[in-house]
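*Asks:* I'd like to ask some things about the structure below.
The values are calculated or read from the model by the stated rules, or taken from the named source; none is laboratory data. Owing to the predicted nature of the structure, the values given are computational and were not obtained by experimental measurement. Glycine gets a Cβ as well: all are built from the backbone with ideal geometry, and neighbour counts include every protein chain shown. These area figures cover heavy atoms from the full protein model, side chains too; ligands, DNA and RNA do not enter into them. Shrake-Rupley method; radii C 1.70, N 1.55, O 1.52, S 1.80 Å.
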Amino acid sequence: MRDDRQRIDRWLWHARLVRTRTAAAELAESGRVRLNGDRVTASSRPVKIGDVLTVALGGSVKILKVERLSERRGSAADAQALCEDLSPAAAPRDVEEDRRVAEREPGSGRPTKRERRALEKMRHRGPH
């Protein structure tokens, strides 16, 4: 391996963005990763120090600047040292809106499909 480059799937796995190397390869090949603004379609695409990755994960987007490369997958602290998080801060949640969605009139019957979806969306949208 060259010391100045690393496969993108290995780097994603070492940085603990995904749990397995296979999942890292699938993420890279899915097109949900951009390297310096260009869409990545191959898990073998090399990354180097200074590259900026944009990764769409679980309904959020992470913008990461590659700070280091690693030969092995280390601890969570080691993984954090591999990159600088450039992602904008998450917008504060509108608690009043959540309250309006969650409240129902007593005796109003079962929630409609639209109301159920709104409730599920609210429940799964946490402070993360």
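*Asks:* Identify, please: which residue in region 61-94 is touching a residue at least 40 places away in the same chain (Cβ under 8 Å) and in a strand (DSSP E or B) and is, among those, nearest to the chain's Cα centre (by Cα)?
*Replies:* So the residue we want is 62.
*Asks:* Residue check, residue 55 against (1) open to solvent by 70 Å² or more (accessible area, probe 1.4 Å); (2) touching a Lys or Arg at 6+ places or on another chain (Cβ under 7 Å), all met but one. Which one?
*Replies:* Every listed condition holds for residue 55 apart from (1).
*Asks:* What do you reckon, is residue 23 over 16 Å from the mean Cα position of the chain (by Cα) and not in a strand (DSSP E or B)?
*Replies:* Working: over 16 Å from the mean Cα position of the chain (by Cα): no; not in a strand (DSSP E or B): yes.
Spelling it out, it is not the case that residue 23 is over 16 Å from the mean Cα position of the chain (by Cα) and not in a strand (DSSP E or B).
*Asks:* I need a count of the residues in region 74-86 that are within 8 Å of residue 64 (Cβ to Cβ) and either among the charged types (D, E, K, R) or surrounded by fewer than 13 Cβ atoms within 10 Å (Cβ to Cβ) (or both).
*Replies:* To start, the set of residues in region 74-86 that are within 8 Å of residue 64 (Cβ to Cβ) comprises 83-86.
Then keep just the ones that are either among the charged types (D, E, K, R) or surrounded by fewer than 13 Cβ atoms within 10 Å (Cβ to Cβ) (or both); that gives 84-86.
So the count comes out to 3.
*Asks:* Counting only residues that are at pLDDT 90 or above and not charged (D, E, K, R), how many does region 75-113 have?
*Replies:* 9
*Asks:* A further question follows. Tell me yes or no: at least one residue of region 3-25 is out of contact with any helix residue (DSSP H, G or I) (no Cβ under 9 Å at 6 or more places or on another chain) and under 18 Å from residue 84 (Cα atoms).
*Replies:* Taking region 3-25 as the starting set, the residues that turn out to be out of contact with any helix residue (DSSP H, G or I) (no Cβ under 9 Å at 6 or more places or on another chain) are 3-5.
Remaining after also requiring under 18 Å from residue 84 (Cα atoms): 4-5.
Yes, region 3-25 contains at least one residue that is out of contact with any helix residue (DSSP H, G or I) (no Cβ under 9 Å at 6 or more places or on another chain) and under 18 Å from residue 84 (Cα atoms).
*Asks:* Let me ask something else. If you go through region 1-45, how many residues are more than 14 Å from residue 70 (Cβ to Cβ) and either buried (at least 16 other Cβ atoms within 10 Å of the Cβ) or among the polar types (S, T, N, Q) (or both)?
*Replies:* 17
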